[in-house]
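Note sheet for the following structure.
The values are calculated or read from the model by the stated rules, or taken from the named source; none is laboratory data. Quantities reported herein were computed from a predicted structural model and do not represent experimental measurements. Neighbour counts run over all protein chains shown; Cβ positions are idealised from the backbone, glycine included.
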Amino acid sequence: MLYLFYTNVNHYLSLSTATSIVLDSSDEKKLPLNFNVTLHNVPCRFVSLDIVDAMGTHLQNVSSNIIKTRVAETASGTPRVLGFGGAGTADSRELKHAEPRAPDMMGLVPKISPELDMAQFLEQIHGRRLVLINFYAPWCPWSRRLAPVWEEAFASVIRQPYGGDVLMAKADCTAGAQELCQKQHIHAFPTIKIYRKHNPHSHESYVGDRTHEALELFVANNVHDPDYVESVSEGQSEVGAGEHEGCVVRGVILVNRVPGNFHLSAHSKSHSFQSQKLNLSHSVTSMTFGKTLTPTQLRILPNDVEMGYDGLSETNHMAIASNTSLEHYLKVVHTTYQVSTAAPPIETYQYTVNDNNYQDGSSLPSAVFSYDISPMQVRMHEEGISFAAFMTQICAVIGGIFTVTGLIDAFIFHTTNSLRQKMEIGKAA
């Protein structure tokens, strides 16, 4: 009786989770999507966030409520912050372009800027105080547009008193300068690299306007400048980190409650990209739907709901081949958890994830996060045994024990009496 009483008391004091599935009653037309994703090998100035969904929404290069942080991997694997991107910085500014000063008819613009390969690059870097190199591809329209302006600007520079200390060269990344372009980690065309103080390992990139005046003024201001601090502060150049310069993209976007995706890819209004050179390997620090929950709310949630709340948290996804897109399929379910009738319910979203890698030779690779929001809603609440039911069980235990033990006692008593009587009759006979 004591054992059954103890177990019933424990059962009365404990709570169980009841789950039901109903049609989603939410009237929200937009759903917040919070994310923090690190692209390991794409500079921030080329990273674009696009949104596409089944309702026909197609937003390109979304920047509202988005923060980009330039990072570089150190030898220990810890990311080092290089700076911030976003509205008004080099990755978002519209570059100005110029037409040739002289009509470029039948190649009349003189080509005085030398073509460099790896050996010539090292020789020129050690021989000049300031070297600008235009890394280009003949098939790139932006490279073709810059070519005559580059030649005319260099022709103007060499006529200046400091002309002997400056070189404006070029390198064809599809022909003789492939090794040089690979070692200089060229992601897009055209890319203008700046080398100072005879240092071939410089990682400074020119991000100013592509006009005669802008190029000539940059040379005049930097030919005797020992460092890049002033040009960086004025937004004319950007210090990179070589091959392992990446970008942390974080923020919140509002998506329609229909199937869709948001994807991170390389995009620029003034560059062309070579898809085989782009690596969209990335890590996801966090990705959640709906309002961000506090640590206290997360501790209250059941373990399976807590795990589904941020299913992509602290995961790494690596592209093992060239021109590889990495896609994540997220199945999202609205979940309501009611702790007690006195407390307000916790509204959240949980999701499951499936990953896929694929190669698409016709377009640039991207990191794609496809989401499908379920029309169903999971409702969960804690429930326990009522006091009346508890008392009924206790009474049943007490009454049942007395009844069963009484029956057993009566059976044993009558059986022993019957045996004793038979034994006595046998002795008397």
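Computed values, structure above
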item	result
Some residue of region 309-321 being of a type in the set (Val, Ile, Thr), closer than 29 Å to Lys29 by Cβ and surrounded by 12 or more Cβ atoms within 10 Å (Cβ to Cβ)	no
Residue identified as exposed (fewer than 15 other Cβ atoms within 10 Å of the Cβ) and closer than 24 Å to Ser286 by Cα among Thr348, Thr352	Thr352
Residue that is nearest to Glu151 (Cα to Cα), among those in region 196-231 that are of a type in the set (A, V, I, L, M) and in contact (Cβ under 8 Å) with a residue 24 or more places away in the chain	Leu215
Single unsatisfied condition, Glu123 versus (1) crowded, with 18+ Cβ neighbours inside 10 Å; (2) not in a loop (DSSP other than H, G, I, E, B)	(1)
Residue within region 390-401 that is aromatic (Phe, Trp, Tyr) and free of Cβ contacts under 8 Å to residues at least 12 places away in the same chain present	no
Number of positions in region 199-230 that are within 23 Å of Val42 (Cβ to Cβ) and touching a Ser or Thr at 6+ places or on another chain (Cβ under 9 Å)	7
Residues (assigned to a loop (DSSP other than H, G, I, E, B) and either in the same structural domain as Leu39 (by TED's automatic domain parsing) or among the polar types (S, T, N, Q) (or both)) located in region 160-213	Gln160, Thr174, Gln184, Asn199, Ser202, Thr211
Residue match in region 99-110 (condition: at pLDDT below 90, basic (Lys, Arg) and not in a loop (DSSP other than H, G, I, E, B))	no
Leading residue by the ranking (modelled with the lowest pLDDT) among those in region 223-277 that are of a type in the set (Ser, Thr, Tyr), surrounded by 15 or more Cβ atoms within 10 Å (Cβ to Cβ) and not in a loop (DSSP other than H, G, I, E, B)	Ser231
Filter result (within 33 Å of the chain's Cα centre (by Cα) and surrounded by fewer than 19 Cβ atoms within 10 Å (Cβ to Cβ)) within region 156-184	Thr174, Gln178, Glu179, Gln182, Lys183
Qualifying residue in region 358-374 (condition: surrounded by 11 or more Cβ atoms within 10 Å (Cβ to Cβ), farther than 29 Å from Leu264 by Cα, touching a Ser or Thr at 6+ places or on another chain (Cβ under 8 Å) and of a type outside the set (Asp, Glu))	no
Segments classed as strands (runs of 3 or more DSSP E), wholly inside region 1-57, with at least 1 members that are among the acidic types (Asp, Glu), closer than 25 Å to Ala188 by Cβ and within 31 Å of the chain's Cα centre (by Cα)	47-53
Which listed residue, of Gln421, Gln393, is surrounded by 13 or more Cβ atoms within 10 Å (Cβ to Cβ), assigned to a helix (DSSP H, G or I), not assigned by TED's automatic domain parsing to the domain that holds Gly308 and not hydrophobic (A, V, I, L, M, F, W, C)	Gln393
Region 176-190 residues that are among the β-branched types (Val, Ile, Thr), paired with ones that are not in a helix (DSSP H, G or I) (beta carbon under 7 Å, 6 or more apart)	Ile186/Phe135; Ile186/Cys173
